[in-house]
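Worksheet: one structure, shown below.
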Amino acid sequence: MPAYSYVAVDENGKQKKGTIEAANVDAAKAALKGEGKIPISVEIPNALNKDIEISIGGKVKPRDLAVFCKQFQSILHAGVTVIQALGMMGEQTENKKLRKAIIETKTLVEKGDTLAGAMATQEGVFPEILINMLEAGEASGSLETSLERMAVHFDKDSRVKSMVKQAMIYPAILLIVVIGVVAIMLIKIVPTFQETFADAGGELPAITIAVVNLSHFMINKWPIFVGAIALIIVGIKTAAKTESGAIIIGKTEMKIPLFGDLIVKTACARLTRTLSTLMASGLPMVGAIEISAKVMTNRIIQLVLEDARDEVERGVPLSVPLENSGIFPPLLCQMTKIGEETGNMEEMMTKVADYYDEEVENATKAITAVLEPAIIILLAAIVVPIMMAIMMPMMGIYSAAENS
């Protein structure tokens, strides 16, 4: 059936815009009236009236999912049915991609599909961990509890990601400032002194010659410089899509001073939080480890968890492959072992996750504290030689003028 763009007024007198599928315009108007809306205009979408969707990054953020789960749980707790709740969520969700997925999920549930089954059809929107939790919640009649747990999970995951981004963005901004300052000095400042040096004659210091040559290169050969940077970026992104490239990048990430430690601690927080959440839903350990491996961003850590899944499937305790990997901290391995021995794995993983959440925050603060003076020193180490290259011949010119 064709889709029609509409403008209508709801029961509260608010204007609503959207699309609806119907056999014809009259059927679309009838469907809108059936939903309690008064249609103002219903027409075939065109370049001027269609709902344009812009999706950056291709994924719904954990923060969006946290809000979705909290609101969904609150609406269900008020006694509203799942279908009605999805309808309400579809109207008030701001993220367009998530809103579209909710509306399509509602349509499938109305046709008799389960909530988890309908969500599973929305590829790239609802993560596997959420689908598994809701499936367990539907089977046990504890859907609200599952949504509440997932709201906490996504909220903490979003907080950890935010802290990691802050740690990465700060040095990146400072580095861009350093590059900008150096570029301005080489392109604008150094050339203004070149004529003075040429008129004065005499032999220039080696450092001045080097800076002048670098300035010429930046001015005349800048496309080569920009092209080289673009080539490096494209090369890294292309390599990251291959298995061997992802492994090399994963190893390199964990060897970077300060950042390597942050990456491991972030992985520990995400791993334990995911395991705890999935085990709370009754998912077997093997399945929980498999899903946990998928949410990791570092390929080396993914491979370790995939091997751990195979080991656990053969009857080996999870703590053994984690310890043998040499990647995860001893505390994580020991706490996992205690959880296995006491049979209290879920609670133990929650405690470990809370601990590593704090560790990620502390590591982020440590990186910021170290990099701020380090980049200032780097800026000085670059700018001072350039200033010396300018001042040394200038001092020579002044000395010659005074002597004459």
Seminar exercise, completed: Over the stretch 178-198, the set of residues open to solvent by 50 Å² or more (accessible area, probe 1.4 Å) and either of a type in the set (Asp, Glu) or free of Cβ contacts under 8 Å to residues at least 24 places away in the same chain (or both) is ILE179, ILE184, LYS188, THR192, GLU195, ALA198
For this session: State all residues of the stretch 298-318 that are part of a helix (DSSP H, G or I), over 19 Å from THR266 (Cβ atoms) and in contact with a helix residue (DSSP H, G or I) (Cβ under 8 Å, 6 or more places away or on another chain); if no residue qualifies, say none.
Result: ASP307, ARG309, GLU311, VAL312, GLU313
For this session: Can you confirm whether the stretch 370-381 contains a residue that is more than 30 Å from ILE179 (Cβ to Cβ) and surrounded by 13 or more Cβ atoms within 10 Å (Cβ to Cβ)?
Result: no
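For every residue, the table says whether it meets (1) modelled with pLDDT of 85 or more; (2) in contact with a Ser or Thr (Cβ under 7 Å, 6 or more places away or on another chain); (3) outside any helix (DSSP H, G or I).
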site	(1), (2), (3)
ILE219	no, no, no
LYS251	yes, no, no
ASP261	yes, no, no
ALA267	yes, no, no
ARG273	yes, no, no
MET296	yes, no, yes
Exercise. GLU144 versus (1) at pLDDT below 85; (2) over 30 Å from ILE376 (Cα atoms): which is the lone unmet condition?
Worked result: (1)
Seminar exercise, completed: In the stretch 305-325, anything in contact (Cβ under 8 Å) with a residue 24 or more places away in the chain and more than 26 Å from MET163 (Cβ to Cβ) is listed as VAL312, GLU313, LEU318
Problem set entry | Unique match (being surrounded by 23 or more Cβ atoms within 10 Å (Cβ to Cβ) and more than 23 Å from PRO127 (Cβ to Cβ)) among GLY315, GLY339, GLY326, GLY343 | GLY339
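I'm trying to understand the selection: among the residues of the stretch 133-157, which are of a type in the set (S, T, N, Q) and not in a helix (DSSP H, G or I)?
So the first thing to find is which residues in the stretch 133-157 are of a type in the set (S, T, N, Q), and the list is 140, 142, 145-146.
Within the stretch 133-157, just SER142 meets the criteria.
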For this session: Give the number of residues within the stretch 225-249 that are assigned to a helix (DSSP H, G or I) and open to solvent by less than 70 Å² (accessible area, probe 1.4 Å).
Result: 10
For this session: Any chance you could count how many residues in the stretch 326-346 are part of a helix (DSSP H, G or I) and touching a residue at least 40 places away in the same chain (Cβ under 8 Å)?
Result: 3
Problem set entry | Members of the stretch 104-128 found to be open to solvent by 40 Å² or more (accessible area, probe 1.4 Å), part of a helix (DSSP H, G or I), without any contact (Cβ under 8 Å) to a residue 60 or more places away in the chain and closer than 19 Å to VAL60 by Cα, listed by number | GLU104, LYS106, ALA120
For this session: Please tell me if TYR355 is open to solvent by 60 Å² or more (accessible area, probe 1.4 Å), farther than 24 Å from VAL286 by Cβ and free of Cβ contacts under 8 Å to residues at least 24 places away in the same chain.
Result: no
For this session: Mind checking which helices (runs of 4 or more DSSP H) fall wholly inside the stretch 1-103 and carry at least 1 residues that are closer than 30 Å to ARG149 by Cβ and at pLDDT 80 or above?
Result: 62-77, 82-92
For this session: Specify the residue that is nearest to the chain's Cα centre (by Cα); the eligible residues are those in the stretch 306-335 that are within 21 Å of GLY287 (Cβ to Cβ) and of a type in the set (S, T, N, Q).
Result: SER325
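The values are calculated or read from the model by the stated rules, or taken from the named source; none is laboratory data. Just so it is clear, the model here is predicted, and its values are computed rather than measured. Using ideal geometry, Cβ is built from the backbone for each residue, glycine included, and neighbour counts are taken over all protein chains shown. Heads up: the accessible areas ignore ligands, DNA and RNA and are worked out on the full protein's heavy atoms, side chains in. Shrake-Rupley method; radii C 1.70, N 1.55, O 1.52, S 1.80 Å.
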